[in-house]
Amino acid sequence: MKELNQLIRDNVRKMKPYSSARDEFHGEASVYLDANENPFNSPYNRYPDPLQWKVKEKIAKLKGVRKESILLGNGSDEPIDLLIRAFCEPGKDAITSITPSYGMYEVSAEVNNVEFRKVPLTADFELNASELLRTAGTDSKLIYLCSPNNPTGNNLSRREIYNVLNTFDGLVVVDEAYIDFSSEPSFLTELDKHPTLVVLQTFSKAWGAAAVRLGMAFASPEIIGVLNKIKYPYNINQLTQEYALKLFAEEAKMKEQLVCILKGRTDLERGLRELPCVKKIYPSDANFVLVRVSDANGIYNRLVDKGIIVRNRTNVTLCEGCLRITVGTEDENKQLLNELQMIEL
Ligand code: PMP
(Lines give C-alpha, C1' and ligand atoms only; values in the text may rest on other atoms or scores of the structure.)
Protein backbone atom coordinates (compact mmCIF):
# COMPACT_ATOMS: atom_id res chain seq x y z
CA MET A 1 0.00 0.00 0.00
CA LYS A 2 1.26 3.47 -0.91
CA GLU A 3 1.52 6.25 1.70
CA LEU A 4 -1.26 8.81 1.36
CA ASN A 5 1.35 11.46 0.56
CA GLN A 6 2.40 9.45 -2.51
CA LEU A 7 -1.18 9.40 -3.76
CA ILE A 8 -2.02 13.11 -3.39
CA ARG A 9 -1.33 15.33 -6.40
CA ASP A 10 1.87 17.32 -5.85
CA ASN A 11 0.19 20.72 -6.22
CA VAL A 12 -2.53 19.78 -3.71
CA ARG A 13 0.02 18.45 -1.22
CA LYS A 14 2.07 21.63 -1.44
CA MET A 15 -0.69 24.25 -1.54
CA LYS A 16 -1.95 26.33 1.35
CA PRO A 17 -5.74 26.19 1.62
CA TYR A 18 -7.92 29.32 1.65
CA SER A 19 -8.44 30.61 5.14
CA SER A 20 -11.88 32.14 5.68
CA ALA A 21 -12.97 34.56 8.38
CA ARG A 22 -14.84 31.66 10.01
CA ASP A 23 -11.64 29.59 10.01
CA GLU A 24 -9.60 32.33 11.64
CA PHE A 25 -11.95 33.16 14.51
CA HIS A 26 -13.68 30.35 16.40
CA GLY A 27 -16.03 30.93 19.29
CA GLU A 28 -18.77 33.35 20.28
CA ALA A 29 -18.57 37.15 20.01
CA SER A 30 -21.13 39.95 20.19
CA VAL A 31 -19.94 42.01 17.22
CA TYR A 32 -18.86 40.37 13.96
CA LEU A 33 -17.04 42.77 11.64
CA ASP A 34 -14.65 40.27 10.08
CA ALA A 35 -16.34 38.74 7.03
CA ASN A 36 -17.72 41.70 5.03
CA GLU A 37 -21.23 40.47 5.74
CA ASN A 38 -24.32 42.65 5.77
CA PRO A 39 -25.28 43.41 9.41
CA PHE A 40 -29.02 43.12 8.55
CA ASN A 41 -31.20 40.15 7.51
CA SER A 42 -30.21 37.86 10.39
CA PRO A 43 -29.58 34.92 10.47
CA TYR A 44 -28.93 34.41 6.75
CA ASN A 45 -26.59 37.41 6.50
CA ARG A 46 -23.85 35.27 8.09
CA TYR A 47 -21.62 32.75 6.36
CA PRO A 48 -22.36 29.19 7.49
CA ASP A 49 -19.99 26.90 9.39
CA PRO A 50 -17.48 25.82 6.68
CA LEU A 51 -17.02 22.42 8.31
CA GLN A 52 -20.67 21.88 9.33
CA TRP A 53 -19.80 20.47 12.76
CA LYS A 54 -23.36 20.37 14.14
CA VAL A 55 -24.53 18.24 11.23
CA LYS A 56 -21.42 16.05 11.37
CA GLU A 57 -21.87 15.41 15.10
CA LYS A 58 -25.32 13.97 14.39
CA ILE A 59 -24.11 11.92 11.43
CA ALA A 60 -21.15 10.62 13.46
CA LYS A 61 -23.52 9.30 16.15
CA LEU A 62 -25.94 7.87 13.65
CA LYS A 63 -23.28 6.06 11.63
CA GLY A 64 -20.83 5.17 14.40
CA VAL A 65 -17.89 7.05 12.86
CA ARG A 66 -15.65 9.89 14.04
CA LYS A 67 -16.80 13.34 12.95
CA GLU A 68 -13.32 13.97 11.54
CA SER A 69 -13.97 11.07 9.16
CA ILE A 70 -16.83 12.89 7.42
CA LEU A 71 -16.87 15.28 4.49
CA LEU A 72 -20.20 16.80 3.45
CA GLY A 73 -20.73 17.70 -0.18
CA ASN A 74 -23.25 19.29 -2.52
CA GLY A 75 -24.72 15.82 -3.10
CA SER A 76 -22.35 12.88 -3.32
CA ASP A 77 -21.53 14.15 -6.80
CA GLU A 78 -19.25 16.71 -5.10
CA PRO A 79 -16.94 14.20 -3.35
CA ILE A 80 -16.89 12.08 -6.53
CA ASP A 81 -15.29 15.09 -8.24
CA LEU A 82 -13.20 16.26 -5.27
CA LEU A 83 -11.50 12.87 -4.98
CA ILE A 84 -10.41 13.06 -8.61
CA ARG A 85 -9.15 16.62 -8.24
CA ALA A 86 -7.20 15.75 -5.10
CA PHE A 87 -5.61 12.50 -6.24
CA CYS A 88 -5.47 12.29 -10.05
CA GLU A 89 -2.95 14.21 -12.12
CA PRO A 90 -4.70 15.28 -15.37
CA GLY A 91 -3.25 13.64 -18.47
CA LYS A 92 -1.23 11.20 -16.36
CA ASP A 93 -3.16 9.20 -13.75
CA ALA A 94 -6.20 7.02 -14.38
CA ILE A 95 -9.42 5.94 -12.65
CA THR A 96 -10.86 2.46 -12.97
CA SER A 97 -14.48 1.50 -12.49
CA ILE A 98 -17.11 -0.96 -13.62
CA THR A 99 -19.72 -0.81 -16.37
CA PRO A 100 -22.65 -0.44 -16.23
CA SER A 101 -22.59 1.90 -13.27
CA TYR A 102 -23.33 5.46 -12.19
CA GLY A 103 -22.45 7.86 -15.01
CA MET A 104 -20.89 10.66 -12.96
CA TYR A 105 -17.63 8.78 -12.29
CA GLU A 106 -16.83 8.94 -16.00
CA VAL A 107 -18.14 12.48 -16.49
CA SER A 108 -16.06 13.78 -13.56
CA ALA A 109 -13.00 11.95 -14.90
CA GLU A 110 -13.49 13.55 -18.32
CA VAL A 111 -14.02 17.04 -16.88
CA ASN A 112 -10.70 16.63 -15.07
CA ASN A 113 -8.93 15.18 -18.13
CA VAL A 114 -8.24 11.94 -16.28
CA GLU A 115 -8.33 8.64 -18.16
CA PHE A 116 -11.36 6.54 -17.23
CA ARG A 117 -11.11 2.74 -17.56
CA LYS A 118 -14.15 0.54 -17.17
CA VAL A 119 -14.42 -3.20 -16.71
CA PRO A 120 -17.72 -4.85 -17.69
CA LEU A 121 -19.59 -6.69 -14.95
CA THR A 122 -20.38 -10.34 -15.66
CA ALA A 123 -23.70 -11.26 -17.31
CA ASP A 124 -25.31 -11.45 -13.85
CA PHE A 125 -23.84 -8.03 -12.97
CA GLU A 126 -21.09 -9.37 -10.73
CA LEU A 127 -17.70 -7.79 -10.12
CA ASN A 128 -14.60 -9.59 -11.29
CA ALA A 129 -11.94 -8.21 -8.94
CA SER A 130 -8.91 -9.70 -10.65
CA GLU A 131 -9.88 -8.26 -14.01
CA LEU A 132 -10.60 -4.89 -12.39
CA LEU A 133 -7.18 -4.90 -10.72
CA ARG A 134 -5.45 -5.91 -13.94
CA THR A 135 -7.15 -3.03 -15.77
CA ALA A 136 -6.35 -0.58 -12.98
CA GLY A 137 -2.65 -1.43 -13.27
CA THR A 138 -0.19 0.77 -11.44
CA ASP A 139 -1.26 4.13 -12.85
CA SER A 140 -4.83 4.18 -11.48
CA LYS A 141 -5.14 6.27 -8.34
CA LEU A 142 -8.82 5.58 -7.70
CA ILE A 143 -11.22 2.70 -8.13
CA TYR A 144 -14.93 3.56 -8.09
CA LEU A 145 -17.33 0.80 -7.10
CA CYS A 146 -21.05 1.22 -6.57
CA SER A 147 -22.92 -1.19 -4.30
CA PRO A 148 -25.87 -1.57 -4.54
CA ASN A 149 -25.05 -0.70 -8.12
CA ASN A 150 -26.95 1.74 -10.29
CA PRO A 151 -28.56 0.86 -12.74
CA THR A 152 -28.42 -2.89 -12.04
CA GLY A 153 -29.73 -2.74 -8.44
CA ASN A 154 -27.61 -5.59 -7.04
CA ASN A 155 -24.97 -5.57 -4.33
CA LEU A 156 -21.52 -6.36 -5.68
CA SER A 157 -19.97 -9.43 -4.06
CA ARG A 158 -18.38 -8.47 -0.73
CA ARG A 159 -15.64 -11.03 -1.28
CA GLU A 160 -14.67 -9.36 -4.56
CA ILE A 161 -14.78 -5.89 -2.96
CA TYR A 162 -12.49 -7.12 -0.13
CA ASN A 163 -10.21 -8.55 -2.76
CA VAL A 164 -9.93 -5.09 -4.37
CA LEU A 165 -9.47 -3.38 -0.98
CA ASN A 166 -6.73 -5.78 0.07
CA THR A 167 -4.81 -5.57 -3.19
CA PHE A 168 -5.17 -2.14 -4.80
CA ASP A 169 -2.47 0.44 -4.15
CA GLY A 170 -4.68 3.52 -4.50
CA LEU A 171 -8.01 4.60 -2.96
CA VAL A 172 -11.10 2.38 -3.24
CA VAL A 173 -14.33 4.37 -3.30
CA VAL A 174 -17.48 2.39 -2.48
CA ASP A 175 -20.54 4.41 -3.46
CA GLU A 176 -23.37 3.38 -1.13
CA ALA A 177 -26.05 5.80 -2.32
CA TYR A 178 -28.62 2.98 -2.04
CA ILE A 179 -27.30 1.23 1.08
CA ASP A 180 -30.37 1.98 3.23
CA PHE A 181 -32.47 -0.20 0.91
CA SER A 182 -30.00 -3.07 1.02
CA SER A 183 -30.08 -6.30 2.99
CA GLU A 184 -26.29 -6.16 3.29
CA PRO A 185 -24.36 -4.03 5.79
CA SER A 186 -22.42 -0.90 4.88
CA PHE A 187 -18.65 -0.86 4.42
CA LEU A 188 -18.47 1.96 7.00
CA THR A 189 -17.39 -0.54 9.66
CA GLU A 190 -14.31 -1.31 7.54
CA LEU A 191 -12.94 2.25 7.61
CA ASP A 192 -10.54 1.64 10.51
CA LYS A 193 -9.18 -1.57 8.97
CA HIS A 194 -8.76 -0.18 5.46
CA PRO A 195 -7.06 3.25 5.38
CA THR A 196 -7.54 3.51 1.61
CA LEU A 197 -11.33 3.04 1.75
CA VAL A 198 -13.73 5.89 1.00
CA VAL A 199 -17.48 5.31 1.45
CA LEU A 200 -20.03 7.62 -0.19
CA GLN A 201 -23.60 8.00 1.01
CA THR A 202 -26.33 10.57 0.35
CA PHE A 203 -29.46 12.24 1.68
CA SER A 204 -30.99 12.05 -1.81
CA LYS A 205 -32.46 8.55 -1.58
CA ALA A 206 -33.66 7.00 1.69
CA TRP A 207 -33.73 10.39 3.44
CA GLY A 208 -35.97 11.83 0.72
CA ALA A 209 -33.98 15.04 0.39
CA ALA A 210 -32.53 15.10 -3.15
CA ALA A 211 -33.48 18.78 -3.51
CA VAL A 212 -31.33 20.04 -0.63
CA ARG A 213 -28.15 18.49 -2.12
CA LEU A 214 -26.35 16.83 0.74
CA GLY A 215 -23.93 13.97 0.27
CA MET A 216 -21.43 12.33 2.60
CA ALA A 217 -17.94 10.95 2.14
CA PHE A 218 -16.47 8.83 4.94
CA ALA A 219 -12.76 8.06 5.12
CA SER A 220 -9.70 8.37 7.35
CA PRO A 221 -9.28 11.86 8.88
CA GLU A 222 -6.16 12.19 6.68
CA ILE A 223 -8.11 11.66 3.44
CA ILE A 224 -10.94 13.92 4.66
CA GLY A 225 -8.30 16.56 5.50
CA VAL A 226 -7.08 16.51 1.89
CA LEU A 227 -10.63 16.97 0.57
CA ASN A 228 -11.31 19.78 3.05
CA LYS A 229 -8.22 21.52 1.76
CA ILE A 230 -9.57 21.84 -1.78
CA LYS A 231 -13.35 22.13 -1.32
CA TYR A 232 -15.15 25.47 -1.67
CA PRO A 233 -14.99 27.08 1.79
CA TYR A 234 -18.79 27.25 2.26
CA ASN A 235 -19.86 24.30 0.12
CA ILE A 236 -22.89 23.45 2.28
CA ASN A 237 -25.26 26.36 2.70
CA GLN A 238 -26.98 27.26 5.95
CA LEU A 239 -30.46 26.21 4.77
CA THR A 240 -29.19 22.74 3.91
CA GLN A 241 -27.41 22.41 7.26
CA GLU A 242 -30.61 23.40 9.08
CA TYR A 243 -32.69 21.04 6.99
CA ALA A 244 -30.35 18.15 7.78
CA LEU A 245 -30.74 18.77 11.51
CA LYS A 246 -34.52 18.77 11.04
CA LEU A 247 -34.30 15.46 9.17
CA PHE A 248 -32.42 13.80 12.04
CA ALA A 249 -35.16 14.91 14.40
CA GLU A 250 -37.63 13.05 12.16
CA GLU A 251 -35.61 9.88 11.71
CA ALA A 252 -38.58 7.69 12.64
CA LYS A 253 -40.56 9.09 9.69
CA MET A 254 -37.71 8.23 7.33
CA LYS A 255 -37.65 4.68 8.69
CA GLU A 256 -41.41 4.30 8.10
CA GLN A 257 -41.01 5.51 4.52
CA LEU A 258 -38.18 3.06 4.04
CA VAL A 259 -40.41 0.14 5.11
CA CYS A 260 -43.05 1.40 2.71
CA ILE A 261 -40.58 1.63 -0.22
CA LEU A 262 -39.26 -1.88 0.48
CA LYS A 263 -42.79 -3.29 0.53
CA GLY A 264 -43.48 -1.30 -2.65
CA ARG A 265 -40.45 -2.91 -4.29
CA THR A 266 -41.73 -6.42 -3.46
CA ASP A 267 -45.24 -5.60 -4.70
CA LEU A 268 -43.86 -4.01 -7.87
CA GLU A 269 -41.68 -7.03 -8.59
CA ARG A 270 -44.64 -9.33 -8.03
CA GLY A 271 -46.84 -7.28 -10.36
CA LEU A 272 -44.17 -7.07 -13.04
CA ARG A 273 -43.59 -10.82 -12.96
CA GLU A 274 -47.13 -11.39 -14.24
CA LEU A 275 -46.86 -9.14 -17.27
CA PRO A 276 -46.31 -10.63 -20.73
CA CYS A 277 -44.08 -7.71 -21.81
CA VAL A 278 -41.66 -8.36 -18.92
CA LYS A 279 -38.92 -10.85 -19.79
CA LYS A 280 -36.67 -10.58 -16.75
CA ILE A 281 -36.62 -8.78 -13.42
CA TYR A 282 -33.14 -8.39 -11.97
CA PRO A 283 -32.87 -8.81 -8.18
CA SER A 284 -32.69 -5.43 -6.47
CA ASP A 285 -31.23 -4.20 -3.19
CA ALA A 286 -32.05 -0.59 -4.11
CA ASN A 287 -35.17 1.58 -4.50
CA PHE A 288 -35.50 0.69 -8.17
CA VAL A 289 -35.71 -2.42 -10.31
CA LEU A 290 -34.06 -3.12 -13.62
CA VAL A 291 -36.43 -4.96 -15.94
CA ARG A 292 -35.81 -6.50 -19.35
CA VAL A 293 -38.87 -6.00 -21.52
CA SER A 294 -39.99 -7.08 -24.99
CA ASP A 295 -39.52 -3.63 -26.57
CA ALA A 296 -37.78 -1.09 -24.33
CA ASN A 297 -38.09 1.91 -26.68
CA GLY A 298 -41.72 1.20 -27.59
CA ILE A 299 -42.80 0.66 -23.99
CA TYR A 300 -40.84 3.67 -22.76
CA ASN A 301 -42.52 5.94 -25.33
CA ARG A 302 -45.94 4.56 -24.56
CA LEU A 303 -45.46 5.21 -20.85
CA VAL A 304 -44.31 8.77 -21.61
CA ASP A 305 -47.53 9.30 -23.60
CA LYS A 306 -49.44 8.25 -20.50
CA GLY A 307 -47.47 10.65 -18.30
CA ILE A 308 -45.41 7.93 -16.61
CA ILE A 309 -41.65 8.36 -16.82
CA VAL A 310 -39.22 5.50 -16.21
CA ARG A 311 -35.56 5.41 -17.24
CA ASN A 312 -34.80 3.81 -20.58
CA ARG A 313 -31.45 2.03 -20.17
CA THR A 314 -31.53 0.08 -23.42
CA ASN A 315 -28.42 1.85 -24.77
CA VAL A 316 -26.33 1.04 -21.67
CA THR A 317 -23.77 -1.81 -21.79
CA LEU A 318 -25.33 -5.11 -20.61
CA CYS A 319 -28.71 -3.40 -20.13
CA GLU A 320 -29.99 -3.85 -23.70
CA GLY A 321 -33.79 -4.01 -23.68
CA CYS A 322 -33.98 -2.77 -20.09
CA LEU A 323 -35.99 -0.13 -18.27
CA ARG A 324 -35.04 1.07 -14.80
CA ILE A 325 -38.11 1.66 -12.67
CA THR A 326 -37.95 3.64 -9.41
CA VAL A 327 -40.28 2.41 -6.65
CA GLY A 328 -42.97 5.06 -6.17
CA THR A 329 -45.99 5.26 -3.90
CA GLU A 330 -48.47 2.34 -3.87
CA ASP A 331 -50.72 4.33 -6.19
CA GLU A 332 -47.91 5.29 -8.60
CA ASN A 333 -46.72 1.68 -8.80
CA LYS A 334 -50.30 0.56 -9.55
CA GLN A 335 -50.68 3.14 -12.32
CA LEU A 336 -47.49 1.86 -13.92
CA LEU A 337 -48.57 -1.79 -13.66
CA ASN A 338 -52.01 -0.96 -15.10
CA GLU A 339 -50.45 0.69 -18.13
CA LEU A 340 -47.99 -2.14 -18.67
CA GLN A 341 -50.81 -4.66 -18.40
CA MET A 342 -52.38 -3.20 -21.52
CA ILE A 343 -49.32 -3.86 -23.61
CA GLU A 344 -49.72 -7.07 -25.57
CA LEU A 345 -46.18 -8.17 -26.34
N1 PMP B 1 -24.21 7.68 -6.57
C2 PMP B 1 -25.15 6.96 -7.18
C3 PMP B 1 -24.91 5.51 -7.37
C4 PMP B 1 -26.32 7.54 -7.66
O5 PMP B 1 -27.23 6.80 -8.28
C6 PMP B 1 -26.52 8.93 -7.47
C7 PMP B 1 -27.74 9.67 -7.93
N8 PMP B 1 -28.54 9.10 -8.81
C9 PMP B 1 -25.51 9.63 -6.82
C10 PMP B 1 -24.38 8.99 -6.37
C11 PMP B 1 -25.57 11.12 -6.63
O12 PMP B 1 -26.40 11.44 -5.64
P13 PMP B 1 -26.43 12.90 -5.00
O14 PMP B 1 -25.45 13.77 -5.74
O15 PMP B 1 -27.84 13.34 -5.18
O16 PMP B 1 -26.04 12.67 -3.58
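The values are calculated or read from the model by the stated rules, or taken from the named source; none is laboratory data. Just so we're clear, the structure is a prediction, and the values are computed from it rather than from any experiment. For neighbour counting, all protein chains shown are included, and Cβ atoms are generated from backbone atoms with ideal geometry for every residue, glycine included.
Which residue out of R9, R13, R46 is of a type in the set (K, R), more than 30 Å from D169 (Cβ to Cβ) and surrounded by 12 or more Cβ atoms within 10 Å (Cβ to Cβ)?
R46
Are there any pairs, at least 6 apart or on different chains, whose C-beta atoms fall under 8 Å, with the first in segment 88-100 and surrounded by fewer than 24 Cβ atoms within 10 Å (Cβ to Cβ) and the second modelled with pLDDT under 95, and if so, which?
Listed pairs, sorted by first residue: K92/D139; D93/D139; A94/D139; T99/T317; P100/T317.
Each row is one residue, and each column tells you yes or no for (1) without any contact (Cβ under 8 Å) to a residue 40 or more places away in the chain; (2) loosely packed, with under 12 Cβ neighbours inside 10 Å.
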residue: C277; (1), (2): no, no
residue: F288; (1), (2): no, no
residue: R292; (1), (2): yes, no
residue: I299; (1), (2): no, no
residue: D331; (1), (2): yes, yes
residue: Q335; (1), (2): yes, no
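Return yes when V164 is assigned to a strand (DSSP E or B) and either under 30 Å from A129 (Cα atoms) or not hydrophobic (A, V, I, L, M, F, W, C) (or both) and no when it is not.
Working: assigned to a strand (DSSP E or B): no; either under 30 Å from A129 (Cα atoms) or not hydrophobic (A, V, I, L, M, F, W, C) (or both): yes.
Answer is no for this residue.
Among the residues of segment 183-200, write down those that are under 18 Å from L142 (Cα atoms), under 18 Å from the mean Cα position of the chain (by Cα) and assigned to a loop (DSSP other than H, G, I, E, B).
Of everything in segment 183-200, those that are under 18 Å from L142 (Cα atoms), under 18 Å from the mean Cα position of the chain (by Cα) and assigned to a loop (DSSP other than H, G, I, E, B) turn out to be L191, T196.
Which is away from the ligand (no atom under 14 Å from the Cβ), within 18 Å of L197 (Cβ to Cβ), over 15 Å from the mean Cα position of the chain (by Cα) and free of Cβ contacts under 8 Å to residues at least 40 places away in the same chain, of E160, E110?
E160
Just to be sure, is V259 outside the structural domain of L156 (by TED's automatic domain parsing), more than 30 Å from D23 (Cα to Cα) and within 16 Å of the ligand (Cβ to nearest atom)? Let's see the steps before the verdict.
Values: outside the structural domain of L156 (by TED's automatic domain parsing): yes; more than 30 Å from D23 (Cα to Cα): yes; within 16 Å of the ligand (Cβ to nearest atom): no.
When the stated conditions are applied, V259 does not pass them.
Name the single residue, out of those in segment 205-246 being within 14 Å of the ligand (Cβ to nearest atom), touching a strand residue (DSSP E or B) at 6+ places or on another chain (Cβ under 7 Å) and in a loop (DSSP other than H, G, I, E, B), that is farthest from K14 (Cα to Cα).
L214
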